[in-house]
Every structure is written in C-alpha cells, then in structure tokens.
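*Asks:* Would you mind keeping the following structure in view while I ask a few things?
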C-alpha cells in the first residue's frame, strides 16, 4: 500500500499517528509499503500452510519461505509472481467461460461463481486481488444477482465451511460457541436468518450465501481485513415446504420459531458476539419485514448494528432520488417538491419512505409541520392497491404514509386503487419500485407515466434479482421516452436509443453505501449508527456525480470506482459521527484526535486504514 502524506497539510503529530496506525495493521497482515514488506507471524508449517487460505500463496512462495516453512518438495520448483498466478487463473476462467457462455445464463453465471469460489477457498489474497481488479465484472457474480441463484442451490454447492451457524438447537450455548471462531478480533459481521433472501423468499440455512457475498464486498470495496469478517447464519427453521422434502437440505427441517422464542435466540446471539467482540459491527441482512423493523428498533440504540435492507436500501434510493432532482436541472433542496409513487410496502419500501420523509423534513426545517408536509408527497401502493387509513389491519410501520379518505378522494382516488390509476391521477415525478414483483410496471402503468408533470420523470425498478425488476430499461425508454432517468437494483445494459443517443441504466445497488457505512463506523468508533450518519452517507453518494454526468442521466457512479466511492462515503460517516459526539476513536486515533482532522485528513486516515491484497512475508513461530 502506498502511503502518501502531504506534509504541507498534515501536522507532524498526525503523520506519527498514521504511521503508528499503519504499523498496527501491518503487524496483523502484511502490505506493500514504501518501506517494503513486513513479515506476518504464523504458527503452522508444511501442508497446514498450503491448506490455509489466509496464508497460502500457492506457487508464489519464495525459496527461502519454502525452506523456512517446510514446503520444499510440496510445490513445483518454479516460483511464480503474483501477476503470473493471476494470468494463469484468468486464462483458466476465460476457458471455462467459453465452454458455458452459449448455454443458459444461469449455468454461465454459476460456472463463474464456482471457479471464483474455489480460488476463495484456497487463496484469499489472490481472490481479493482478482475481485478488486475486476470488480465491475465480478461483483454481479459474488453478489447480486448471481448470489440469489447460489443461495437457492447452496445445499448442493456446499463444499467447505465458511462463517458460523447458530441454530435454535444451540440455545444456551452461544456464549461459548463464539470462541470457536479462530480470529481474536472481528470487525464486521453480516447475519441473516434466511427468511427473505432478496426477492426469493424463505431459503432457510441456504441464506448464508448472501452474508458471504456481502462480506466479499466489505473486503473489496471498504478494505476491511478478510481475517476480521464473519458471515453468520441463524437457523430457526424454515416455512419453505420444498426444503422439508429436500434430502440434501443442510438446515433444520422444522417450522420457523416465532414470537418470544425467536427473539430469545437473536438476543442470545447478539449478547454472545458483543461479549467476545465489543467493538464489532453487525449488519442484519434479508430478515422478513415483520422482524426487520422489530430487531432494528430493539438493538440499534444498544449495539453497533444496522439493517441493510431497511437503511442501506433507503440510503441508496435517497441518493438516487436526489440525483433525479439534479438531473432535472434543479438543486437538491427542491427534493421536498417531488411527487413520489412507491410500489411496495415491505421492509425495503418502508425503509425508503422513512428515510425520504426525514430528508424532506430536514430540508424543510425539521419540525412537526415539515414532517407532515413531507408525508403528503408519497402515495404507497402494495398488492392490495393504494394504502389509506381505511385499510384493515394496517401495518403500524406504513400507517404514517396512509392517506386520509377525505384527502385522497379529492384526488379522484380511494382505498385499494390500482397502481395504474394512482400514476394516472398523481402524475408523479418518480415511480419507485420496491415490490419484488417482476413486470409490475406494465405497459399501461408506463403509458400513464408519460403524463407526468415532471420534465424528466424517474423510474426506479429496484427489486432484486433481475427477474424481479418492475420493468426493464428497454420497456421504460421505449414506452415513456428517451428523456427519463432510469435506475434498477440489478445490472442491465445501457439502451441504444438510436442517433448516437444512449439510455443510461443506473444500478442503484446497496454496495455503494453499506461498505462505507461499515468502514466509517469502524474508524470513527461510533457507539451506534445514527440516522444522521446514514443521511450523511446518502447525501455524499448523491453529490459524488459531476453535473455533466447527472444532466446525461447518470445518477450512480460506475462500480469500477467503488473503492473511491466507499472512501468518500466513509469520510462523511466519520465526520457526522464526530459532529454528533458519537465517535470514540479507533485504535491509536482517539476521539480528540479525530475532531482535529479536516476533510482531506479524514480521507487520508481512511485510505491508510484500508486493507490491500498483497502477500506477506511469512515467518514461523512455534506456539
């Protein structure tokens, strides 16, 4: 890792602190610095080293290391460089791709996942080097959309353990179980109960694939040390009947726990991991809506945790919505004037609604009347139609956005009005899809949007995986017009509009935010993850694009820039944590020192704290 200190800007004390910070990290895992390689101490030799993906270098072990670690004769004699190893791996991967690319797309994607997964299992440093260098190509393989397919087939794909599994059968034992994990320090945990994996529903224990994929991005995008991440599955059963009949299913084949029994399991898990690792950050992932909000409210003021489906999705959507305002040639402060129709009232939909309302209210003065005014900018439609206060058994989380019957009737609408009616009457600036219902934005709905009062209506088809997108970009541009802004949750190709024009497809992926939220929280040492920190992350992402890009309909950056984006988002999170007096510092950078840093110094502090995949020089030391 290159360490660049601008001495004209940084005080000598800050330089000393940064060097000390880097030295601590380097003692745990080696990097390339201007001073060269620093050794890593290992307590194993011979085949044990070759079978350890954290330290295995394969054919790149030097001859002196082979001598030191009892590897002579266990490897071919030619010592290869990292570049040669990667070239050999990529040639193998391309060869495999050629044999599968003409087959079904799922087969093609799974073939790529398999070979990447095998590399992950044997050589983590090389795996992350390949992933970071090809992040735009391989993020859709290790993360959405391919990870959804992997989760569906996980029991058959399982080869070797990764992460930890806690089940309802482990009640009373979790406090001791956490000490089975070999890492003395864990910075980031992604945990799921498998109850709502992407838009695929209850996949039980197979949902561990989503936690593994998310943590791959924490390493690749945020530079979290891979030895300090932990994917976790909490198996409390499944209500998926197909899994009861599957003899290969690896999880508990019993009905899901519910109520207080369920809460007791999650409570025990949280107490156990925070007892062993008090400073860990826990990201909740793909919990069904009814538990997502309950658990978020239960833990967020006690532990360093957040729910990516509720808060991460919301932040990415807010960034896109603010970008859509900019694409209309207006300042972001005009966001409270936007009319937004939201299709979907699950955890993601409600998370976006709450975050958007708070953003509007903050722009309007952050008082009670501002919150009430912001509420009137949203029309929420679920599978039963438009939601009003007349709705029976109305979800308390959705109630603040339910229209009063007399108010909605003046708009020519009523309880249960279909989406196409709502779009026709409201003429919204934004049509936001978080429904997990593929094709919901039908031709009729898109035709209705043509009458929008906006000069540049925005269509957000955010549901994952690809088959659940509310509409394709081709449908949106061909029906509504080439002046729209289009965003999706899964990757699609740009649309050729003819005459040299391009319909830009913006992938509103959570990977733009959650790595930066995690990294910023870690490096600030914030006690909790506040609404203000999440808001700061979203606003920084919204402001990341240049005016020229936004005017051309590009509201999200290329994933090829993900490390830089993450660094910027993390800096915004650190700054907000300091301003809210939540920061307690990290390692040698205490809260008082953090408060002294300006924006450029915060960015440098973050960059110098990120892990980079370089082989360490290994030195054996007996236990």
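The values are calculated or read from the model by the stated rules, or taken from the named source; none is laboratory data. Just so we're clear, the structure is a prediction, and the values are computed from it rather than from any experiment. FYI the Cβ positions are ideal-geometry reconstructions off the backbone, even for glycines, and counts take in every protein chain you see.
*Asks:* If I ask for residues that are in contact with a helix residue (DSSP H, G or I) (Cβ under 8 Å, 6 or more places away or on another chain) and closer than 17 Å to residue 353 by Cα, which ones from segment 422-438 would you list?
*Replies:* 428, 429, 430, 431, 432, 434, 435, 436
*Asks:* Scan segment 249-264 and tell me whether some residue there is within 25 Å of residue 437 (Cα to Cα) and surrounded by fewer than 22 Cβ atoms within 10 Å (Cβ to Cβ).
*Replies:* Of all residues in segment 249-264, those within 25 Å of residue 437 (Cα to Cα) come to 256.
In the following step, the residues that additionally are surrounded by fewer than 22 Cβ atoms within 10 Å (Cβ to Cβ) were identified as 256.
Yes, segment 249-264 contains at least one residue that is within 25 Å of residue 437 (Cα to Cα) and surrounded by fewer than 22 Cβ atoms within 10 Å (Cβ to Cβ).
*Asks:* Would you please name the residue that is surrounded by the fewest Cβ atoms within 10 Å (Cβ to Cβ), looking only at residues in segment 421-436 that are out of contact with any strand residue (DSSP E or B) (no Cβ under 6 Å at 6 or more places or on another chain) and at pLDDT below 95?
*Replies:* Filtering segment 421-436 for residues that are out of contact with any strand residue (DSSP E or B) (no Cβ under 6 Å at 6 or more places or on another chain) and at pLDDT below 95, the one surrounded by the fewest Cβ atoms within 10 Å (Cβ to Cβ) comes out as 436.
*Asks:* Return the residue satisfying two criteria in turn: it lies in segment 394-420 and is assigned to a helix (DSSP H, G or I) and either out of contact with any strand residue (DSSP E or B) (no Cβ under 8 Å at 6 or more places or on another chain) or not assigned by TED's automatic domain parsing to the domain that holds residue 486 (or both), and of such residues it is farthest from residue 343 (Cα to Cα). It would help to see each step written out before you state the result.
*Replies:* Kept after step one, since they are assigned to a helix (DSSP H, G or I), are these residues of segment 394-420: 399-401, 405-409, 419-420.
Filter once more, keeping what is either out of contact with any strand residue (DSSP E or B) (no Cβ under 8 Å at 6 or more places or on another chain) or not assigned by TED's automatic domain parsing to the domain that holds residue 486 (or both): 399-400, 406-407, 409, 420.
Details: 399: 15, 400: 16, 406: 22, 407: 20, 409: 20, 420: 11 Å.
Of everything passing the filter in segment 394-420, 406 is farthest from residue 343 (Cα to Cα).
*Asks:* Please verify whether segment 520-528 includes one or more residues that are under 30 Å from residue 601 (Cβ atoms), buried (at least 18 other Cβ atoms within 10 Å of the Cβ) and within 15 Å of the chain's Cα centre (by Cα).
*Replies:* yes
*Asks:* Just checking, how many residues over segment 542-571 are within 20 Å of residue 140 (Cα to Cα) and out of contact with any strand residue (DSSP E or B) (no Cβ under 7 Å at 6 or more places or on another chain)?
*Replies:* 10
*Asks:* For segment 365-393, enumerate the residues that are modelled with pLDDT of 90 or more, crowded, with 17+ Cβ neighbours inside 10 Å and not in a strand (DSSP E or B).
*Replies:* Of everything in segment 365-393, those that are modelled with pLDDT of 90 or more, crowded, with 17+ Cβ neighbours inside 10 Å and not in a strand (DSSP E or B) turn out to be 377, 387, 391.
*Asks:* Go through segment 470-554 and tell me which strands (runs of 3 or more DSSP E), entirely inside it, have 1 or more residues that are in contact (Cβ under 8 Å) with a residue 24 or more places away in the chain. Break it down stepwise before answering.
*Replies:* Working: elements: 485-488, 495-498, 501-503, 505-507.
The qualifying strands (runs of 3 or more DSSP E) are 485-488, 501-503, 505-507.
*Asks:* Does residue 331 satisfy the condition of being closer than 23 Å to residue 462 by Cβ, surrounded by fewer than 24 Cβ atoms within 10 Å (Cβ to Cβ) and either at pLDDT 95 or above or in the same structural domain as residue 458 (by TED's automatic domain parsing) (or both)?
*Replies:* no
*Asks:* Could you check segment 153-168 and list, in sequence order, the residues that are over 14 Å from residue 212 (Cβ atoms), surrounded by fewer than 22 Cβ atoms within 10 Å (Cβ to Cβ) and touching a helix residue (DSSP H, G or I) at 6+ places or on another chain (Cβ under 7 Å)?
*Replies:* 155, 168
*Asks:* For segment 148-263, which fully contained helices (runs of 4 or more DSSP H) count at least 3 residues that are in contact (Cβ under 8 Å) with a residue 24 or more places away in the chain?
*Replies:* Filter on segment 148-263 gives 154-157, 174-177, 208-222.
*Asks:* Further, regarding this structure: Looking only at segment 439-469, count how many residues are free of Cβ contacts under 8 Å to residues at least 60 places away in the same chain, in contact with a helix residue (DSSP H, G or I) (Cβ under 6 Å, 6 or more places away or on another chain) and either buried (at least 20 other Cβ atoms within 10 Å of the Cβ) or assigned to a loop (DSSP other than H, G, I, E, B) (or both).
*Replies:* Within segment 439-469, residues that are free of Cβ contacts under 8 Å to residues at least 60 places away in the same chain, in contact with a helix residue (DSSP H, G or I) (Cβ under 6 Å, 6 or more places away or on another chain) and either buried (at least 20 other Cβ atoms within 10 Å of the Cβ) or assigned to a loop (DSSP other than H, G, I, E, B) (or both) number 7.
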